[in-house]
Amino acid sequence: MARITDLPPEIIESILWSLDSVRSLIAALRSCRRFYAFVQQSEKIATGILRRKISPDILPYVAALEASYLCDDFPDVILKLIEPRHDDPDAPSGESDESNSESEVELEDFEEPLDDIEGSLDEFDDFDTESSDSFPGRRAFKFDCFLAARKLLKMLYDQPSALVDIILPPVPIFDLHVVERRYDKFSKIATDFAGFAWERLSEIDGGVPQEVTLSSAEHDRFCRAIYRLEIFYVLYNIMERNGNTVYDWFFLRHSPWENEQMACIYHFLEMRFTRNTHEVFAHDLSQGIEYIDDVTMQHDYESKKRMLETTDGVHYAHFPEVLCGIEPQMFSIDYWRRSWRMTFADGATIITTKEGVLSRVLREEDKDHDLGPRESWIAANLGMRKCKHTNRAITLDSGLIVIKDIEDTAKITINQWLCVEKNGYFGFQHPSSGRYMGHGGNKSLRAKATELNNWELFTPREHPKGGYQLLSPYCMWSQALMVLCVDEDRKTVVRRNHGTTLWEFMKV
């Protein structure tokens, strides 16, 4: 009978590659010396198993989180990995020359100078300065920590696949097992959170099915929010030392609904932690038995939360406080004017108008084909227009502008429009298509234009009876204004010289 140790290397390699987890690979290594020796020669196997198990959309966040743990203690390691010196014999070579060249593409772009390097260094002057010899070194070390965190975040969002190729291959197999266990834990949290959220929805709407099964895209979206939240907590104490870095290099790289996803994960975890206060502190007596008893004797959630937040070392980086006020900054023209030298703006164009800001902030994520979160955020935060004293709204239907009952379109967003401004006029953009309501020089309305020009401009005029008339220029060469009315078919929206239709704006 043939022994397993007599198998040819090709068969051993095939067996090891077929394993579905790094944990199984480690078990195989411990069971046979030859397996262990083989993996020592083929270190790609563990990384390959991890790549096969974790979605490509999540892998960059897995790599970024692993690297972020080193930023505060070993920033030189991160800086060396991200931008290795070509004359350094110890610099990581990557998996191939091709991947190596990919990871080094435009690394000079990372050298965007700070406006005031000395001023930025002064932000780190919180050390004890009794030893003048060690102070400059500590000061430079803290600046390296900040630089490593900034470069890591930039690469995460601008070159995610290159980040994976750089960070994961050098990680030892037993550390990859830790990475895998962390992913399994986050995946379980994502499933629990989805179940909890679905249970709340079913309480409100009895017609919702009792159980939910996440699609792969939905699961990735939840996991992505969890990883982003964890990266925030790991890097916050580095980023917050330099003014608005936590906003510029983290929050403003996300769409507003993606930041709200992180906030939802935060509140879910906070609720679970507070509910299990006794179990948590029973394993850590650093606050003392009396404190544990005080916490467990609190009768309601808010009282327990208040005690935990006022305890030294517990309330360190409060996510909601940091996130507070991010949306006004996100929709600020001043911010986007100064951000052109980063890679946040569309190409090399400097964003200087509110339309440009909306187009940038409300961009559709290429990797997120399910636009449900985007549409839900728009529905909850931006405007919709409807006929006064009716329950009907202006609706986009197959490219045509018509009137429909709101109840008929309650679960979709074709009757919701973004209100934007240009030269004192208003424009109305359909969120999903990005097209603007306008006309073609005649009485009909349409939504075909992708830019806000003369035929897409409107001006509201308040009516003495309440509500507004919506007026639009007759044509490019005329100063006359025409009013928006509902046609005789009580369905089509048209432009006329005179009309009685009044409109009101609703924030939804």
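Quick notes on this structure:
- Rounded, prolate or oblate (a/c below 1.5 giving rounded, otherwise prolate when a/b exceeds b/c) for segment 151-199 by Cα gyration tensor: oblate
- Stokes-Einstein diffusion coefficient of segment 141-272, Kirkwood radius over Cα pairs, 37 °C, 0.692 mPa s, in µm²/s: 196
- Within segment 172-216: Cβ-based charge dipole about Cα centre, in debye rounded to nearest 20 (Lys, Arg +1; Asp, Glu -1): 200
- Residue exposure sequence - His463, His177 - by fewest surrounding Cβ within 10 Å: His463, His177
- Among the listed pairs Lys44/Lys80; Lys53/Lys151; Lys53/Lys142; Lys44/Lys142; Lys151/Lys422; Lys44/Lys185, those beyond 29 Å (Cα-Cα): Lys53/Lys142; Lys44/Lys142; Lys151/Lys422
Quick note: the coordinates plus some simple rules give every number you see, no bench work behind them. Treat the numbers as computed from the prediction; the structure is a model and nothing was measured. Backbone-built Cβ (ideal geometry, glycine too); neighbour counts: all protein chains shown.
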